[in-house]
Amino acid sequence: MRDASRDPADLAAATERSQDLVEQWLRGEAKPQTGDLRKIAKLVGRSIHFFFLPAPPSSARPTAEFRTAITGEASSPSQELLEVRFARNVQKIATWSASEVRFGRPQLPAASDDFHVVARQFRAALNWSVLDQRTAAKSSKTAVFRSLREKVEDLGIVVLLRNAGTGNCRGFSLPDSSVPVIYINAAYDLPTLRTYTLLHEMAHVIRGDKEICHDSDTPLERWCDKFAAAVLLPEHDLKQYLSRESFRRKHPDLDSDLDAVRLISNRYGASWSAVAIRLKELGLASQRLVHLVETSRGEFQEPKNTFSTVRQTVSRKRAAEFGYTYPRLILDALDSRRLSPLDASKYLRAPGPELHNIAVQVGRSA
Ligand SMILES: [Zn+2]
């Protein structure tokens with residue numbers, strides 16, 4: 001209960017029992033029934049088997065270090081903690097698989113104070129050309145997110161996209177020399193926001209910060225935002241675009257021009273906020289524009305393409321949730337017989353026959 005930030009009242013609500021009875025369970029004076037146990041297990045995010053272990057696991061609670069960051073920030077701290085624990089487990093399994101199949105360590109730029117330099121080096125490591133980015137942006141902003149995520153995962157980083165609840169963190173980072181994990185909260189459904197969060201968390205991974213990111217205004221958070229904006233909006237290409245005669249004529253003063261922000265956002269698939277921050281850092285606008293973007297929330301009023309005609313199969317859902325790196329590691333471990341099909345199914349939360357479909361989905365012939 002402590003680990004999941006739950007109290008007796010939560011258990012009583014989940015099991016539809018009186019709090020008195022729950023207190024009796026806790027004192028060992030009464031026993032919950034199987035149905036109760038199932039509901040409790042679901043509430044605290046554990047399997048039923050967990051409760052039949054001879055003793056609780058002795059390792060330190062992995063979520064403890066995040067607790068202070070979550071308390072008072074998240075609208076539902078227990079949901080956030082469950083997601084942190086989920087990501088930790090993924091990282092544990094991925095790290096084990098990586099060591100079994102001799103997976104290379106990600107090559108990341110060294111951290112330094114100058115976000116311009118780190119962003120440039122990171123962009124080079126990604127091997128993501130501006131042309132690729134702009135071509136994706138022409139198709140959709142979701143395509144930019146997908147393209148960038150794939151590039152980041154190609155570096156050997158696990159990128160999870162799961163629902164951690166509205167009003168909770170945008171994302172968090174679990175750096176590691178073997179398999180770093182980035183978590184993006186899918187409750188924020190604007191694709192540009194996901195792209196921005198992905199790069200923001202990437203900054204934390206490069207710096208080695210274990211960080212859970214709510215929208216707080218600290219120098220560290222701002223540094224990561226500036227890094228993200230710099231990766232998304234390469235200086236040379238951006239300046240070339242802005243210096244075009246036709247652009248300059250229509251947009252003489254960028255500092256109060258939300259239409260210019262919209263155009264730049266569309267060109268690169270970057271969020272409006274990223275555009276404003278970038279223009280400010282390059283000395284082309286002031287804090288006024290950053291503030292204007294924040295208060296107008298114009299991007300949220302843009303028409304959204306919410307309809308997807310793609311049928312949601314288990315394998316597609318898992319690929320969206322787990323990305324590429326994690327399933328590939330599991331499938332490699334399965335191929336080299338380090339892992340049983342049963343365990344692979346469990347780790348990918350997919351019944352046996354779906355493993356093949358997931359392999360196809362993540363671009364691996366099974
Ligand atoms: Zn952050």
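General remarks:
- Against the conditions (1) in contact with a Gly (Cβ under 9 Å, 6 or more places away or on another chain); (2) in a loop (DSSP other than H, G, I, E, B); (3) closer than 20 Å to residue 224 by Cα, residue 108 satisfies every one except (1).
- Here residue 147 clears all of (1) among the small types (Gly, Ala, Ser); (2) more than 18 Å from residue 76 (Cβ to Cβ); (3) within 13 Å of the chain's Cα centre (by Cα); (4) away from the ligand (no atom under 16 Å from the Cβ) except the condition numbered (3).
- For segment 354-365, the count of residues that are within 23 Å of residue 149 (Cα to Cα), free of Cβ contacts under 8 Å to residues at least 24 places away in the same chain and more than 26 Å from the chain's Cα centre (by Cα) is nonzero.
- Among (1) more than 20 Å from residue 180 (Cβ to Cβ); (2) without any contact (Cβ under 8 Å) to a residue 24 or more places away in the chain; (3) surrounded by 15 or more Cβ atoms within 10 Å (Cβ to Cβ) - the single one residue 133 does not satisfy: (2)
- Unique match (being in contact with a strand residue (DSSP E or B) (Cβ under 6 Å, 6 or more places away or on another chain) and outside the structural domain of residue 329 (by TED's automatic domain parsing)) among 235, 201: 201
- Looking across segment 160-201, the residues that are within 16 Å of the ligand (Cβ to nearest atom) and either of a type in the set (Ser, Thr, Tyr) or in a loop (DSSP other than H, G, I, E, B) (or both) come down to 164, 168, 169, 170, 173, 175, 180, 183, 188, 195, 196, 197.
- Checking each residue in segment 342-359 for being within 20 Å of residue 89 (Cα to Cα) and exposed (fewer than 14 other Cβ atoms within 10 Å of the Cβ) picks out 342, 349, 351.
- For the criterion of being more than 16 Å from the ligand (Cβ to nearest atom), surrounded by fewer than 16 Cβ atoms within 10 Å (Cβ to Cβ), closer than 25 Å to residue 135 by Cβ and charged (D, E, K, R), residue 244 passes.
- Near pairs, Cβ below 6 angstrom, 6+ apart or cross-chain, from segment 199-226 (of a type outside the set (Asp, Glu)) to any residue that is more than 8 Å from the ligand (Cβ to nearest atom) and at pLDDT below 90: 206/111; 207/111; 212/66; 212/69; 214/73
- Against the test of being more than 22 Å from residue 140 (Cα to Cα) and within 16 Å of the ligand (Cβ to nearest atom), the options 250, 210 yield a single qualifying residue, 210.
The values are calculated or read from the model by the stated rules, or taken from the named source; none is laboratory data. Everything quoted here is computed from the prediction, not taken from an experiment. For neighbour counting, all protein chains shown are included, and Cβ atoms are generated from backbone atoms with ideal geometry for every residue, glycine included.
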